[in-house]
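**Q** The structure under discussion is supplied below as structure tokens; questions concerning it will follow.
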Amino acid sequence: MSDTLTSKLNPLSLPLRQQLGLLALALLGLTPFWMGFLYAGDQGLLHIRTITIAMFIGMFAMSWDSVSGYTGQISFGHAVFFAIGGYGSALLNLGWGVPPVAAVALGTVLAAVAGLLIGVPALRLEGPYLSLVTLVAPLILLQIFIFRSDVFGGELGISNPDPLVSTSGFAQETYVFFYVAFALFVAILAVLLAVTRSDAGSVLTAIREDEDAVAASGLNPAKFKTFAFVLSASVGGLAGAVFVHTPMASPTPSQLLAQTVSIEVIIAAVLGGMGTIVGAALGGMFLSVFRSQLSNVGLTVPGLDVSVGDLDLVIFAVVTLIILFALPGGVLRWGLVAGRKLIGADSAAADGGRTPVEQTLEKFREFFRGGRDD
Amino acid sequence: MALPLTDVVANAVMMSALYALVAIGFTLIFGVGGVLNLAHGATVTIGAFSAYYVSEVFGYSIWVGALAALLVPALFSAALYRGMIRRVEDDPITVMILTLVTAIAVEEIIKTVFGTQPAVISSLLTGQVSIAGGIQANNLLVFGLSWVIIGLLFFAINYTKTGKAILATSMSTKGASLVGIESDRMYLYTWVLAGAFAGLAGLFLGSIQTASWSMGRSPLVLSFSIVVLGGIGSIRGSVIGAYIIGFLETFTMSYVDSSLSGLASLVVLVLILLAKPEGLFGREFTE
């Protein structure tokens with residue numbers, strides 16, 4: 001076997017697109033350095049914080065993509081997992097004094113259990129019914145949070161738990177938590193890439209294409225779907241748990257549980273490229289950074305007295321719809337194909353050239369046609 | 001508990017009629033066109049605020065406002081279908097994202113135009129009626145009107161030519177088009193009907209309670225439960241579902257805790273989906 005692990009991981013022997021990806025990751029890792037050159041003082045620090053938050057949104061988007069983008073089971077309420085991870089970890093830390101690292105671990109376990117609880121029964125449901133259950137799950141959780149405001153703080157959320165690492169001073173805090181987020185980002189990216197590029201990942205993709213065919217070849221689709229759901233929930237829960245232990249976020253419904261969080265994640269993944277992980281990460285980061293920049297724009301829409309910043313979600317939705325029509329594979333896939341054409345390395349696609357969005361839509365279409373046209 | 005049972009039952013009977021009004025529109029669109037319209041709640045809000053705008057800002061009678069609450073949401077609904085949904089109606093994900101985003105946009109616009117303070121819509125009738133220990137005449141009227149409208153719809157769907165064509169489309173698009181029914185127009189009818197119903201429900205809700213930018217959310221969420229419980233596409237199922245959910249909701253809020261609104265019905269929704277996804281009166285989706 002000449003194709004050993006070391007040669008596979010040697011950056012020099014990788015294809016160009018992966019080398020570019022590594023370069024981008026390295027650039028991201030060096031953000032505090034080049035940001036320091038571009039902006040002086042606190043301005044630079046604030047931008048570093050923006051990127052830190054963006055990495056968390058990227059992780060949320062990757063979490064969604066690993067189940068919905070690969071198996072085609074669209075979840076409209078992924079925020080439920082971020083919230084269970086975040087709130088669970090924060091409450092363990094505040095209520096029982098569990099040290100942050102252990103609380104994060106336990107919060108992740110809680111989210112994984114929630115993934116199992118929602119994922120296993122949801123497997124019995126198809127298409128829009130699954131979406132309805134996932135749409136309703138965060139609403140139920142929010143309702144419980146409001147009902148037991150004494151524990152969960154209702155709409156306002158609970159106070160910040162202990163930070164993951166104790167720091168002194170604004171600058172140190174910014175740098176330390178940037179690297180906490182970066183380390184987690186790289187870890188989650190690596191795990192999800194490894195899983196989705198493995199044989200199990202191929203099975204997940206096959207489920208999106210044709211579940212019956214997967215079952216016919218002797219593999220149990222339910223097992224793989226459950227696995228994807230639990231993996232996605234734990235990743236989302238982990239990101240949510242670490243997020244609340246940074247000074248950039250606190251366990252509040254608007255940051256972890258609101259419907260807009262679930263939708264943002266979907267928009268981000270579709271924007272970047274559904275079923276690519278990398279695309280979802282890019283989409284999430286882009287969306288987050290762009291939103292925070294948009295809120296700084298002082299422009300108002302004439303006649304309505306609404307600032308452009310308030311309409312950010314609407315603007316993104318419109319952009320997403322255009323992308324759904326124009327580049328159904330997302331920006332990343334389009335970039336890859338364009339890049340291949342540019343360097344003349346274009347080859348035939350083995351999957352019939354259909355994008356995950358098209359495949360998923362086809363699945364839904366069959367479901368509806370089946371009901372209507374018999 | 002402090003609340004007398006008759007009051008709670010009277011309230012539940014009336015609110016359930018309103019929920020039925022909202023749910024029927026939701027189920028018409030889903031049952032006939034196969035579209036999950038998540039902007040249905042926003043249509044409720046539009047209805048309430050059209051009436052508010054016409055009657056409170058322009059100073060016309062509330063009955064003119066009621067006309068606005070009927071027409072504006074119907075137009076909005078038709079425009080939503082013609083302008084956006086028709087192009088993507090085969091892609092449920094796009095439809096869900098699109099309608100959800102439309103709902104957010106409508107809420108945001110209403111929030112910025114009318115503010116976050118609850119708006120008071122004047123009553124359609126004033127005074128009290130001495131049934132069951134005294135009920136406000138307005139509430140009784142709302143209840144009566146809701147049932148008249150539901151009855152008219154029943155009649156229209158089952159006995160008029162257009163109504164039968166809508167039914168046929170909901171059963172089989174292909175079969176309906178073979179006998180010369182334009183499914184596209186039937187879809188448009190369901191959207192207009194659903195819009196008008198939701199708008200009226202919005203006006204009624206606004207005149208019983210108050211109108212606010214987020215008032216459409218809880219009827220929408222209740223509609224999920226009602227429609228799934230009653231069986232998707234079944235009007236009879238929606239009315240019965242609305243009464244089950246309406247009573248459940250009112251009793252939970254009156255006797256358990258008012259902050260639990262919506263929770264009981266959501267739990268019912270999840271249980272029904274898992275145990276009997278086709279609902280009480282629904283047709284099962286065939287392969």
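**Q** With labels modelled as points extended 7 Å from the Cα through the Cβ direction, what inter-label distance (nm, one decimal) is found for A:LEU46 paired with B:ASP257?
**A** 4.0 nm
**Q** Separate question: Can you tell me the FRET efficiency between B:GLU278 and B:SER172 if r is taken as the Cβ-Cβ distance and R0 is 22 Å, rounded to the nearest 0.05?
**A** Efficiency, from the Cβ-Cβ distance: 0.80.
**Q** Treating only the Cα positions of the protein assembly as shown as identical point scatterers, give the base-10 log of I(q)/I(0) from the Debye formula at each q in 0.08, 0.11 Å⁻¹.
**A** One equal scatterer on each Cα of the protein assembly as shown leads to -0.63, -1.16.
**Q** Report, in cubic angstrom per residue, the convex hull volume of the C-alpha atoms of chain B.
**A** Taking the convex hull of the Cα positions in chain B, it is 133 Å³ per residue.
**Q** Could you work out how far helix B:5-28 tilts from the main Cα principal axis of chain B, as a 0 to 90 degree angle to the nearest 10?
**A** For B:5-28 against chain B, the angle is about 30 degrees.
**Q** Shifting gears a bit: Roughly how many Å² is the accessible area per residue of the range B:147-269, as a whole number, for a 1.4 Å probe?
**A** Accessible surface, normalised per residue, equals 38 Å².
**Q** Next question. Positive end of the charge dipole of the protein assembly as shown (Lys, Arg +1 and Asp, Glu -1 on Cβ, about the Cα centre): tell me which of B:ILE121, A:GLY272, A:TRP34 has its Cα farthest that way.
**A** A:GLY272
**Q** For the protein assembly as shown, what is the calculated [θ] at 222 nm in deg cm²/dmol (nearest 500), taking -39500 (n - 2.57) for each run of four or more DSSP H residues and dividing by its residue count?
**A** Helices in the protein assembly as shown give a 222 nm mean residue ellipticity of -22500 deg cm²/dmol.
**Q** May I ask you to rank A:TRP64, A:TRP34 by accessible area, largest first, using a 1.4 Å probe over the protein chains only?
**A** My answer, sorted largest first, is A:TRP34, A:TRP64.
**Q** How long are the semi-axes of the equivalent ellipsoid of the range A:73-203, defined as square roots of 5 times the Cα gyration tensor eigenvalues? Whole Å, largest first.
**A** 29, 23, 12
**Q** When a/c is below 1.5 the answer is rounded, else prolate if a/b is larger than b/c, else oblate, so apply that to the range A:87-157 with a ≥ b ≥ c taken from the square roots of the Cα gyration tensor eigenvalues.
**A** Note, shape of the range A:87-157 comes out oblate.
**Q** Would you tell me the mean number of C-beta atoms belonging to other protein chains that fall within 10 Å of each C-beta in B:255-262, as a whole number?
**A** Whole-number average of other-chain Cβ neighbours for B:255-262 is 3.
**Q** To the nearest 20 debye, what charge dipole does the protein assembly as shown have about its Cα centre, counting +1 at the Cβ of each Lys and Arg and -1 at the Cβ of each Asp and Glu?
**A** Dipole of the protein assembly as shown, to the nearest 20 debye: 620 debye.
**Q** Between the DSSP loop rule and a limit of at most 12 other Cβ atoms within 10 Å, which GluC sites (Glu not before Pro) in the range B:36-113 are left?
**A** Loop-located and lightly packed - none at all.
**Q** Rank these residues by their accessible area, most exposed first, probe 1.4 Å: B:GLU182, A:GLU211, A:GLU264.
**A** B:GLU182, A:GLU211, A:GLU264
**Q** Right, something else. In the range B:106-245, carbon and sulfur make up what percent of the accessible area (probe 1.4 Å)?
**A** 64 percent
**Q** According to the square roots a ≥ b ≥ c of the eigenvalues of the Cα gyration tensor, what is the shape class of the range B:39-161, taking rounded for a/c under 1.5, prolate for a/b larger than b/c otherwise, and oblate for the remainder?
**A** It is oblate, given that a/c is not under 1.5 and a/b is not larger than b/c.
**Q** Right, another one. For the protein assembly as shown, how many pairs of lysine residues have a Cα-Cα distance under 20 Å, where the two are 8 or more positions apart or belong to different chains?
**A** Qualifying lysine pairs in the protein assembly as shown: 5.
**Q** Got a sec to turn the phi values of the range B:94-108 into Karplus ³J(HN,Hα) couplings, 6.51 cos²θ - 1.76 cosθ + 1.60 with θ = phi - 60°, whole Hz, x for Gly and Pro?
**A** 3J(HN,Hα) across the range B:94-108, in whole Hz: 4, 4, 5, 4, 4, 5, 4, 5, 4, 4, 4, 4, 4, 4, 4.
**Q** Quick one: order B:ASP7, B:ASP91 from most to least accessible surface, probe 1.4 Å.
**A** From most exposed to least exposed: B:ASP7, B:ASP91.
**Q** Could you give the size of the charge dipole of chain B about its Cα centre, using +1 on the Cβ of each K and R and -1 on the Cβ of each D and E, expressed in debye and rounded to the nearest 20?
**A** 500 debye
The values are calculated or read from the model by the stated rules, or taken from the named source; none is laboratory data. This one's a predicted model, so the numbers in the text were calculated from it and none came from an experiment. Here the Cβ is made from the backbone with ideal geometry for all residues, glycine too, and neighbour counts use every protein chain on show. Surface accessibility is based on the protein's heavy atoms, side chains included, excluding ligands, DNA and RNA. Shrake-Rupley method; radii C 1.70, N 1.55, O 1.52, S 1.80 Å.
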